[in-house]
Amino acid sequence: MITFILNNKTISTTEHSGMTLLDFVRYQQRLTGTKIGCREGDCGACTLLVGTPNGDTIKYQSITSCISPLGNAHGKHVVTVEGTNLQDKLTTAQEAMKANYATQCGFCTPGFVVSLTGFALSDSEKNYKNAIDAISGNICRCTGYKSIEKAAQQLVDKLKTQENNSLDWLIKNEFIPAYFETIPKRLKDIEANDLNQPKGKYISGGTDLYVQQADHLADNEVHLIAEKDYLKGITIKNGICTIGTNATVSDLWNHTEINSYFPNLKKHLKLVSSEQIRNMASLGGNLVNASPIGDMTIFLLSLNSTITILNTEEKERTIALKNFYQGYKTFDLKEGELLKAVSFKLPTKDSFFNFEKVCKRTHLDIASVNAAIHLSIENKTISEAHISIGGVAAIPKYLHETSAFLTGKPLTTETIIEANDILQKEITPISDVRGTNDYKRLLARQLFFAHFTTLFPKQFTLKDFLQHA
Amino acid sequence: MHKNKTNIKLDTKLEAVSIALKKSIKNLDSYTHVRGESLYVDDVNIRQGTFHAVVFDAPKAHGKIKSIDYTKAEALQGVERIFTYKDVPGKNEIGGIIADEPLFAEDEVHFWGMPIALIVAESEFIARKARDLIEINIEDLPVITTAKEAKAKGSFINAPRSFSLGNTEKAFADCDYIFEGETFSNGQEHLYIEAQGAYAEPLENGNIKITSSTQGPTAVQKTVAQVLGVAMHKIEVDVTRLGGGFGGKEDQATPWAVMAALATYHLNQSVKLILNRHDDLRMTGKRHPYESTYKIGLSKDLKILAYQTEFLQNSGAAADLSPAIAERTLFHATNSYYVPNVTTKVLSCKTNLPPNTAFRGFGGPQGMFVIESAIAKAAHEIGVPTRKIQEANLLDENDTFSYGQIAKKVEAKNTWHTAKNIFNIDALEQEVADFNKNNTAFKKGISFMPITFGISFTNTPMNHARALVHIYLDGSIGISTAAVEMGQGVNTKMMQIAAAIFSIPIEKIKIESTNTTRVANTSPSAASSTADLNGKATLMACKSLLERLKTVASEALHTSEKSITLKEETVYVNGEKSNLTWTQLISKAMLQRVALTENAHYATPEIHFDKTKEKGHPFAYHVYGTAITTTTIDCTRGTYEFDSVKIVHDYGKSMSEGIDLGQAEGALIQGIGWMTLEEIAYNKDGRLLSNALSTYKVPDIFSVPKTVEVIPVETEGNDMAILKSKAVGEPPLMYGIGAYFALQNAIKAFNPNYDVKFHAPMTPEKVLTGLYQKQ
């Protein structure tokens, strides 16, 4: 039995836990404000809020319900646009959308309203940039967004006047209806025991699996692991960071200590899908999806990460991530095995990390090429180099030879240009919808140069490379 | 970018825009939209026992159907029935302009995604599962995916069309400069967020009611009747609203409604057919890709003396609206310029892509892209800024268009010079030049884009509409028109008209769904004309009712009709408030048995076009404007951002500033999308590769220009427009063309060897390739 609170109503259902939350909400509960645009998390028309108990409060996050299994709602508070409505008047987010002409055909509008309400409920600092990030996964085809930007600004102006982030304040100021106050207690009171998990496909956030095989998952047994504690958690010890594979991209984004080691982390992660997806997508999922352009995979490869794998007898084994991938979408994971954690050495004051990604659309798009680098420098010499690149081979590629070449070399323009020659030999891009082979080669070179102009702007400029290249 | 020096003129204008926005009427649907309470076709309550349908489509772009085996699919639990062309009681034909498009394929398939059968089941999920069980065997036939191939093979939809003015051949002989070249503009997916869909339910006596997400209810009604072989009056089509249309639901909402109706006809049960996104992308047509050649001739002082172009329109596998779209390409082939000697020709090329269709701009943008390319090429070769050539050739009052219409109330130069002046173009250009001098890794580019867009259906007989206005006993009003609300705010405008005529609050007015039983034989909501045509009809109906009410009032108050006015729900006599309220007036009219319902018909006057001569006066008026686009490209990565788009636009006298600005901004961004990141890709077998939202990218909130300023130009407006408020749906889309040329200029600033190409969209791939192209 899946039990959760949907808006102001407690739901207990025996529906299949692998069906999408969208279908349940829209067709079983007839809450038609949640729209279907794409069923692959790319438009945000089906955005819902999911509230997870966090001590005495509830932590709300936006998700795209089209690629989220119903079972993941178990024990949570799920909020649709109807669940944000006040009696006979508009909420602050709704009024901002209306006053600024931010709705035309109206089909994407509930998604925007829910995302903005989620922003109001979130812990994130109430500034314009964060408000826009909150709607980064919502596509509108009518307005051209300028009016939506104004609505977001109006909302932020109001939110900035709050002294502390409290439900009371949000209720009093008409961001959410009063029943939200009752949710923490009601969630505690409902009997949300562990779901009976049959054998079946492992699903964490589901963001990739539901894009590929939603029908299959709705029709077959699934094994939901998003709530498994042993796959959770981020620990930092002796300069080593270990992350449970259930950690979402947002968990990284929000982790203060990791951000201190990666000062540009948010800038980099902002290139990874949208806020809704980052709230769901797990690191483990990204790794086993084995996409040659998996953003987090490329990120973790350049950190020379190791992964811990758990088998059905609960025995663990550890291998280097760079040795995990064997061929296109094939990897070293046996039947019943599960990725448990990924760990890597954190950057030090003498090491430098960068992530690059270029796609047609900068945000919420799949890379044409993505690339990451982690360099250690001692006395102007590269003492250690780990370079990864995606979209240019059948697997997310760790550049063994380029990395080896750079190790021990002086950090000079000549070194970098020579290294690019080796990089070009290591990659084997193919022409597809994300670009021609020639383009990907050129882009691979440019992103390789970009690592250095970004990390050492005083030492290298684009001009230096071009004059020599 | 450092900030422009204070520009008081601009600040004053922007302040005026901002004040107008605060006062302006809000979209009447906003309240239910933001609450998730607006009803779209998939939200309508369905009857018990409703079946759900999924379309089985061709897995090849061209071939002979050797065999299809439905047995496994039919045997699946929950499958009710599978329909094919054999189940069509009337004609298996849905072509609107030319009868060349079957509803279901018979012996051959002509595009990948062509409907072959309709699977009807207890749920969509079951129907989809059944679809996977159908086995089909197709013998391949040669596949044509490009217009050029089609031309080479002589594969056309219809005869070519050609417009001409002056003597082009002779004029070229007198030119100081002549340049020739090729251009390509790709298709564009509409990506209405609400996919295509319809819901059909049986009524008594074999009548069928269809709720459809269509811009053209009459097209749906007519086609359903034709396919079912029944009279049109047996079919009722109702439209609440659309979750976006953009032309994609003008003709191509029809097949799904017809299929649902066909299943309802046979099963006597309700049937719902909502396409999922992948099916929609694969099965429906898009904006037409064009491959074109041009030849442009100029004098030493940069006057365009002669222009010749051949447009190859990739029409897809059937006519759909292609001939009309091709025609509009010719109408807009010279954009905002006066060219005394013009020869234009368009060939609608039949290929094995899904039939391409209407999309905001309707062929106009494709035509404009070619002349802008020709001008950019000329400027590049001559070594002058593009805008010098543009400016030297802008349309003037009484200039003749290539189709014979004399340009009147022209605002081309007005918007151009206003833009230059108010946006301080000298400072802007200096800023770009300075930036480029001081930066290697980033470059800026700037471009001008003037637009001139004709308003009216170019097929003159389509320029009509009707409005049915009821005043109810209690003084509330219901209005039905042919207008379909799809976000453009047309319902709000209809309501404004009635509220203004009767001087009653908008809460007293309801805009009804668009329904073929209330307003019949309508033209689709398209061509930017919906508010004009339906607004004029509404205005006429309201005025007739007002006249009748004035008679009632004058009798009641013992005065003349002339002395009566209505103000704020009260009757005024010679400007003096009387005791007679709106509600009382209505009651009196009822007691006197005065008709409180009016049906008005409007047909645009003055317009005509003779296709045998290709001359006439097809447009009620033109809309003008000028956009200045500034971009910054990252020369390391080939990515780019748009700093600003600054526009002076001719709204006429806007009746709804907020709604009209929304149209301008939305169209602009859609145009920029078409020119930059939206890239349709088919492989040589005719399979759509950009077949999902993960591979087809439309603008998101981060990809739009940082600043968009739209300043209205001061004009007299035009009486042919509703309340002098000009049509606004399509014209601003073409401002987006400026994005292409701004990017091109930025690339030129980085790479002096860049060989200018006119191949849209300008994706990051093309930018990077251009930046590093070696001669």
Enumerated strands (runs of 3 or more DSSP E) restricted to the stretch A:317-390, each holding at least 1 residues that are acidic (Asp, Glu) and in contact (Cβ under 8 Å) with a residue 12 or more places away in the chain
A:351-358, A:369-378, A:381-390
Any idea how many residues of the stretch B:230-249 are in contact with a Leu (Cβ under 7 Å, 6 or more places away or on another chain) and under 18 Å from B:Ile97 (Cβ atoms)?
1
Specify which of the listed residues (A:Val392, A:Val433) is crowded, with 20+ Cβ neighbours inside 10 Å and either in contact with a Cys (Cβ under 8 Å, 6 or more places away or on another chain) or aliphatic (A, V, I, L, M) (or both).
A:Val392
Residue that is farthest from B:Lys684 (Cα to Cα), among those in the stretch A:442-455 that are more than 8 Å from every other protein chain (Cβ to nearest Cβ) and open to solvent by 20 Å² or more (accessible area, probe 1.4 Å):
A:Leu455
Just give me the residues in the stretch B:513-568 being open to solvent by 10 Å² or more (accessible area, probe 1.4 Å), closer than 13 Å to B:Asn599 by Cβ and small (Gly, Ala, Ser), in sequence order.
B:Ala520, B:Ser544
Do we have B:Gly652 as facing chain A (nearest Cβ under 7 Å), surrounded by 24 or more Cβ atoms within 10 Å (Cβ to Cβ) and not hydroxyl-bearing (Ser, Thr, Tyr) here?
no
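Taking into account only those residues within the stretch A:127-139 that are open to solvent by 10 Å² or more (accessible area, probe 1.4 Å) and more than 7 Å from chain B (Cβ to nearest Cβ), which is nearest to A:Ala45 (Cα to Cα)?
In this case the residue turns out to be A:Asn130.
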Considering only helices (runs of 4 or more DSSP H) fully contained in the stretch B:250-337, which possess at least 1 residues that are over 19 Å from B:Ile680 (Cα atoms)?
B:254-267, B:322-331
Exception for B:Thr604 within (1) surrounded by fewer than 18 Cβ atoms within 10 Å (Cβ to Cβ); (2) away from chain A (no Cβ under 14 Å) falls at (1)
Given the residues B:Gly475, B:Gly445, B:Gly404, B:Gly487, which is the only one that is within 23 Å of B:Gly717 (Cα to Cα) and of a type in the set (Gly, Ala, Ser)?
B:Gly404
Hits in the stretch B:741-769 - residues which are of a type in the set (Asp, Glu) and closer than 21 Å to B:Gly187 by Cα:
B:Glu765
Hits in the stretch B:320-338 - residues which are under 18 Å from the mean Cα position of the chain (by Cα), open to solvent by less than 10 Å² (accessible area, probe 1.4 Å) and small (Gly, Ala, Ser)
B:Ser322, B:Ala326, B:Ala333
Report, by residue number, each residue of the stretch B:140-154 that is assigned to a loop (DSSP other than H, G, I, E, B) and crowded, with 18+ Cβ neighbours inside 10 Å.
B:Val143, B:Ile144, B:Thr145, B:Thr146
Taking the condition touching a residue at least 24 places away in the same chain (Cβ under 8 Å), closer than 19 Å to B:Gln488 by Cα, of a type in the set (S, T, N, Q) and open to solvent by less than 10 Å² (accessible area, probe 1.4 Å), does A:Ser115 pass?
no
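Condition test on A:Gly233, is it on the phi > 0 side of the Ramachandran plot and in contact (Cβ under 8 Å) with a residue 24 or more places away in the chain?
Here the answer is no, as A:Gly233 does not meet what is asked.
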Scope the stretch B:452-493; condition part of a helix (DSSP H, G or I) and open to solvent by less than 10 Å² (accessible area, probe 1.4 Å); matching residues
B:Val490, B:Thr492
Quick one: in the stretch B:756-772, which of the residues that are more than 10 Å from chain A (Cβ to nearest Cβ) and open to solvent by less than 40 Å² (accessible area, probe 1.4 Å) is modelled with the lowest pLDDT?
B:Val756
Criterion: open to solvent by less than 50 Å² (accessible area, probe 1.4 Å) and under 30 Å from A:Ala214 (Cα atoms) - qualifying residue of B:Glu189, B:Glu93, B:Glu80, B:Glu122:
B:Glu189
Odd one out for A:Arg30, checked against (1) part of a loop (DSSP other than H, G, I, E, B); (2) in contact (Cβ under 8 Å) with a residue 24 or more places away in the chain
(2)
Can we say B:Ala16 is part of a helix (DSSP H, G or I), without any contact (Cβ under 8 Å) to a residue 60 or more places away in the chain and either at positive phi or open to solvent by less than 60 Å² (accessible area, probe 1.4 Å) (or both)?
yes
The helices (runs of 4 or more DSSP H) lying entirely within the stretch A:158-243 that contain at least 2 residues which are away from every other protein chain (no Cβ under 14 Å) and either at pLDDT 95 or above or in contact with a Lys or Arg (Cβ under 9 Å, 6 or more places away or on another chain) (or both) are A:167-172, A:183-189
For the stretch A:421-441, the count of residues that are out of contact with any Ser or Thr (no Cβ under 7 Å at 6 or more places or on another chain), within 8 Å of chain B (Cβ to nearest Cβ) and assigned to a helix (DSSP H, G or I) equals 1
What is the number of the single condition among (1) within 18 Å of A:Asn354 (Cα to Cα); (2) open to solvent by 10 Å² or more (accessible area, probe 1.4 Å); (3) within 14 Å of chain B (Cβ to nearest Cβ); (4) not aromatic (Phe, Trp, Tyr) that A:Lys463 does not meet?
(1)
Could you look through the stretch B:729-755, keep only residues that are open to solvent by less than 10 Å² (accessible area, probe 1.4 Å) and aliphatic (A, V, I, L, M), and pick out the one that is farthest from the other protein chains (Cβ to nearest Cβ)?
B:Ala742
Pull up the stretch A:143-157, narrow it to residues that are open to solvent by 10 Å² or more (accessible area, probe 1.4 Å) and without any contact (Cβ under 8 Å) to a residue 24 or more places away in the chain, then point me to the one that is nearest to the other protein chains (Cβ to nearest Cβ).
A:Lys146
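Can you pull out the residues in the stretch B:246-297 that are β-branched (Val, Ile, Thr) and open to solvent by less than 10 Å² (accessible area, probe 1.4 Å)?
Restricting attention to the stretch B:246-297, the residues satisfying the condition of being β-branched (Val, Ile, Thr) are B:254, B:258, B:264, B:271, B:274, B:284, B:293, B:296.
Within the stretch B:246-297, B:Thr254, B:Val258, B:Thr264, B:Val271, B:Thr284, B:Ile296 meet the criteria.
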For the stretch B:52-70 the number of residues that are among the aliphatic types (A, V, I, L, M) and more than 35 Å from the chain's Cα centre (by Cα) is 2
Mind counting the residues in the stretch B:703-718 that are within 19 Å of A:His363 (Cβ to Cβ), open to solvent by less than 20 Å² (accessible area, probe 1.4 Å) and touching a helix residue (DSSP H, G or I) at 6+ places or on another chain (Cβ under 6 Å)?
1
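The values are calculated or read from the model by the stated rules, or taken from the named source; none is laboratory data. None of these values were measured; they are calculated from a predicted model. Cβ coordinates were reconstructed from backbone atoms using ideal geometry, including for glycine residues, and neighbour counts include every protein chain displayed. For accessibility, only protein heavy atoms count, side chains too; no ligands or nucleic acids. Shrake-Rupley method; radii C 1.70, N 1.55, O 1.52, S 1.80 Å.
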